[in-house]
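Asker: Mind looking over this structure? Questions follow.
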Amino acid sequence: MQDTSQMDPRQSEMASQAYLQQLKATFEQLPNEIPLFLFTAKGHEDVFTNANREVIRAFRQLSDKITLREYNLDHEQAKQWNVTHSPTLVIAPEKYTIHWLGAPMGEEARTFLEILILIGLGQSQLSDQALKVIQKIDSERHVKIFVSPTCPYCPQQAINAVKAAIEMPHKISLEIIDIQSEPELADQYSAQSVPQAFANDVLIGQGAQPEEVFVLSLEKLEAQTIFIPDSDAELVDTDLLIVGGGPAGLTAGIYAVRSGLRTAIVERDALGGQVATTPIVENYPGFTSVGGKSLVDIMVSHALQYVQIFQGEAVVDIQSGPPFTVKTNRRQFNTKTVLLATGASHRHLGIPGEERLAGRGVSYCSTCDGPLFKGKKVVMVGGGNSAVTEALHLFHMGIDVTLIHRRDKLRAQEFLAQQLVDNNIPVLWDTEVKEIRGEERVDEVLLINNKSNEKTEFQTAGVFIAIGYEPAVELAEKFGLKINTDGYIQQDGKHRTTIPGVYSAGDVEGGYKQIVTASGQGAEAAMTIFEDLINPYWLDGKNG
Ligand code: NAP
């Protein structure tokens, strides 16, 4: 949904009004009614029930096609539609089996809006490639998607499942489950990170998947990581294809289109990269303090005024050029140049238990998974800005957090470090986590003090890890770009890589790893590309 919180109030009011009018017009054109049924336990007036009423009231102002009826959980209708939890929102039950356990709050309001539109349309809008796969499903699939209102990755995965349930209503049923409303259900499935997708009680996806990968996982009843499209994938011609929709890629997109280049961005996960899950950003000029996701929303709505963004699309192949052929799970781009702005991914500790218990108490995203640990004890590993910002975030959510750092001094800025002291957040200095233990989920960590060599077992329900990032260079490596000794894409100072026509920007090429520097690199790269396309150095046989 549009973020107008940082605008001048009058501008913001006008933008909100324009957006509402646009939504009303969209609903006006929908051919179908959108009946909603809210089931609640008798006398149940909790925050989720009230949130449902409020959200639905707001959406009903857009269209009288949306109707709401409320029932008690012991009503006959609940039995008929298999509703057992309060609150549950049942969506268009005459045609589909789509239940929402909890309420569409926060990030999930985006999912809800899309559901209403798809139900009103009566079409799944699955891509042609996804349709080919889903048609192979020949038995029932009961899907559960665990989400939280603060998780920017969740809407993509929930919408994938909604599309599947709309496409095959007689075979696919869906429950979208808010982990805050249904902690016991999340516990039962050991779903301690979001999003997580289960089909017939089998885990088929952790994190957001591109639509085609989700559908393939649903068909195979096993998590898939890659989808190779049929050769008749849609063809798109561009001057520049940007891979990655973080600050570097989005800024490059704005600059490139303003220079007149036909440009597209592909992003396999959530737009905004790491910023989308940063609780608070306090050093981006123009914003004294802004939520990472709010900053991303502003950047994305700005970029969308210029550049086409294909979200949920993963690059599966690049064939040499220029011009290059770049295949995603859905499309094939014929492009004169490619900019890799693939960012970085979370560094792992590489200790026993970490991989096995990922999503079972081990988390790399406090914004997404923090709500599951309210009132519980967790550890945050790391000593940089991320670990301290996220420890503070968890603390303010009502979580008993202890910071574990391998040295006796933090790398984080003094301003942040002082807040740890001010809030009495305990820090275990000179301490390393050697093992993460637990059967179904995390219950303790084995610690070692690296000065005294003393070992201790520390009871904890969660292990949040924020120990920096590794550049995401898999695609660059696969394509044969030179990687420097620090592990980043090698470039010539003007963002040209070792393959003519291929450029890099942002965290994948190293540097200071700040949002503002990533954006700056994106802008520079776009300007280099514009100049190179006027005067292609590769035609002179020169590189750089
Ligand atoms: P970082 O600055 O690289 O810090 C990583 C921390 O993790 C360090 O304290 C490091 O310990 C520790 N660490 C690394 N490997 C470890 C291991 N194997 N075991 C235990 N500890 C380990 O990473 P970051 O905090 O994610 O920040 C990344 C970048 O984003 C930085 O440039 C940061 O400034 C920026 N950022 C800025 C803000 C902000 O300005 N508000 C917020 C978040 C991030 P040592 O100290 O011993 O090396």
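Asker: How much net charge surrounds Met397 when only the other residues with a Cβ under 12 Å from the Cβ of Met397 are counted, with Lys and Arg +1 and Asp and Glu -1?
Answerer: Numbers: positive: Lys374, Lys376; negative: Asp369, Glu390, Asp400.
Net charge in that neighbourhood comes out at -1.
Asker: How large, in percent, is the carbon and sulfur part of the accessible surface of the chain at a probe radius of 1.4 Å?
Answerer: On the way: 11370 of 23810 Å².
After summing per-atom areas, the C and S share lands at 48 percent.
Asker: Can you give the local net charge around Arg53? Use residues other than it whose beta-carbon is closer than 14 angstrom to its beta-carbon, Lys and Arg +1, Asp and Glu -1. Walk me through the numbers on the way to the answer.
Answerer: Working: positive: Arg57, Arg60, Arg69; negative: Glu45, Asp46, Glu54, Glu70.
Summing Lys/Arg as +1 and Asp/Glu as -1 gives -1.
Asker: Using the structure shown, select from Lys374/Lys434; Lys377/Lys455; Lys220/Lys482; Lys136/Lys327 the pairs with a Cα to Cα distance greater than 27 angstrom.
Answerer: Numbers: Lys374/Lys434 25 Å; Lys377/Lys455 20 Å; Lys220/Lys482 37 Å; Lys136/Lys327 23 Å.
Lys220/Lys482, as the Cα separations exceed 27 Å there.
Asker: Hey, if you put +1 on the Cβ of every Lys and Arg and -1 on every Asp and Glu Cβ in the chain, which of Thr277, Ile404, Leu118 ends up farthest toward the positive end of that dipole?
Answerer: The one lying farthest along the dipole's positive direction is Thr277.
Asker: A follow-up question, please. Counting only heavy atoms of protein chains, what accessible area per residue, in Å², does the range 362-465 have with a probe of 1.4 Å?
Answerer: Values: 4830 Å² over 104 residues.
Ligands and nucleic acids excluded, the figure is 46 Å² per residue.
Asker: R0 = 30 Å: FRET efficiency of Glu184 with Arg60, Cβ-based, nearest 0.05? Spell out each step's value before the answer.
Answerer: On the way: r = 31 Å, r/R0 = 1.03.
That gives a FRET efficiency of 0.45.
Asker: I need the shape label for the range 317-424. Rule: rounded when a/c is under 1.5, else prolate if a/b > b/c, else oblate, with a, b, c from the alpha carbon gyration tensor. Spell out each step's value before the answer.
Answerer: Working: a/c = 2.80, a/b = 2.18, b/c = 1.29.
Prolate shape, in that a/c is at least 1.5 and a/b is the bigger ratio.
Asker: Nearest-5 percent of antiparallel DSSP beta bridges in the chain? Let's see the in-between values first.
Answerer: On the way: 43 of 95 bridges.
Given both bridge residues lie in the chain, the antiparallel proportion sits at roughly 45 percent.
Asker: Between rounded, prolate and oblate, where does the chain land on the alpha carbon gyration tensor, with a ≥ b ≥ c its root eigenvalues, rounded for a/c under 1.5, else prolate if a/b exceeds b/c?
Answerer: Details: a/c = 1.59, a/b = 1.12, b/c = 1.42.
Oblate, since a/c reaches 1.5 and b/c is not below a/b.
Asker: Run the numbers for Lys136 and Ile534: contour at 0.36 nm per residue of separation, minus the present Cα-Cα distance, in nm. Don't skip to the answer; put the middle values down first.
Answerer: Numbers: separation 398, 0.36 × 398 = 143.28 nm, distance 4.77 nm.
Extra length available between Lys136 and Ile534 comes to 138.5 nm.
Asker: Please list 3J(HN,Hα) in residue order for the range 242-258, calculated via the Karplus relation 6.51 cos²θ - 1.76 cosθ + 1.60 where θ = phi - 60°; whole Hz, with x for glycine and proline.
Answerer: Calculated HN-Hα couplings, in order: 9, 9, x, x, x, x, 5, x, 5, 5, 4, x, 4, 5, 5, 5, 5 Hz.
Asker: Mind checking the log10 I(q)/I(0) for the range 175-278 at q = 0.16, 0.19, 0.20, 0.25 Å⁻¹? Debye, one equal scatterer per Cα, no solvent, two decimals.
Answerer: Scattering profile of the range 175-278, log10 relative to I(0): -0.88, -1.03, -1.07, -1.26.
Asker: Ok, one more. Just subtract the alpha-carbon distance of Asp74 and Glu414 from 0.36 nm times their residue separation and send over the number in nm, one decimal. Please list the in-between numbers first.
Answerer: On the way: separation 340, 0.36 × 340 = 122.40 nm, distance 5.59 nm.
That works out to 116.8 nm of additional length.
Asker: Ok, one more. Could you order peptides 417-425, 287-295, 147-155, 90-98 by the average number of other Cβ atoms within 10 Å of their residues, highest first?
Answerer: Values: 417-425: 13.3, 287-295: 17.2, 147-155: 25.9, 90-98: 19.0.
Top of the packing list down: 147-155, 90-98, 287-295, 417-425.
Asker: Packing-wise, with mean Cβ within 10 Å as the measure, how do 100-110, 324-334 rank, highest first? Intermediate results must be reported in sequence, preceding the final value.
Answerer: Details: 100-110: 23.4, 324-334: 20.8.
Output ranking for 100-110, 324-334: 100-110, 324-334.
Asker: Based on the Cβ-Cβ distance from Ser301 to Glu355, what FRET efficiency comes out when R0 is 30 Å, to the nearest 0.05?
Answerer: On the way: r = 37 Å, r/R0 = 1.23.
Once the sixth-power term is evaluated, E becomes 0.25.
Asker: What does the highest-first list of 262-271, 512-521 look like by mean Cβ count within 10 Å? Mind dumping the intermediate values first?
Answerer: Working: 262-271: 24.2, 512-521: 19.6.
With the highest mean Cβ count within 10 Å placed first, the list reads 262-271, 512-521.
Asker: With +1 on each Lys and Arg Cβ and -1 on each Asp and Glu Cβ, and nothing else charged, work out how big the dipole of the chain is about its Cα centre, in Debye to the nearest 20. Present the calculation step by step, with values, prior to reporting the outcome.
Answerer: Working: 47 positive and 69 negative charges, 95 e Å.
Roughly 460 debye, rounded to the nearest 20.
Asker: Grab the Cα-Cα distance for His170 and Thr67, subtract it from 0.36 nm times how many residues apart they are, and report the gain in nm with one decimal. Mind dumping the intermediate values first?
Answerer: Details: separation 103, 0.36 × 103 = 37.08 nm, distance 2.33 nm.
Going from the current span to full extension adds 34.7 nm.
Asker: Right, next: Sort Thr251, Thr456 from largest to smallest accessible area, using a 1.4 Å probe on the heavy atoms of the protein chains.
Answerer: Details: Thr251 25, Thr456 60 Å².
Final ranking, largest accessible area leading: Thr456, Thr251.
Asker: Work through the residues other than Gly245 whose Cβ is under 14 Å from its Cβ and net out their charges, Lys, Arg +1 and Asp, Glu -1. Spell out each step's value before the answer.
Answerer: Details: positive: Arg268, Lys293; negative: Glu267, Asp269, Asp297, Glu313, Asp507.
Taking every Cβ under 14 Å from that of Gly245, the sum is -3.
Asker: Can you tell which of Ala252, Ala391, Pro471 lies farthest toward the positive end of the dipole of the chain, using +1 and -1 charges on the Cβ of basic and acidic side chains (Lys, Arg; Asp, Glu)?
Answerer: Value: Ala252.
Asker: Can you give me the C-alpha center-to-center distance between the range 376-455 and the range 112-139, rounded to a whole angstrom?
Answerer: 43
The values are calculated or read from the model by the stated rules, or taken from the named source; none is laboratory data. Because the structure is predicted, anything quoted here is derived from the model rather than measured. Cβ atoms come from the backbone with ideal geometry, glycine included; neighbour counts cover every protein chain shown. Please note that ligands, DNA and RNA were not included when accessible areas were found on the heavy atoms of the full protein model with its side chains. Shrake-Rupley method; radii C 1.70, N 1.55, O 1.52, S 1.80 Å.
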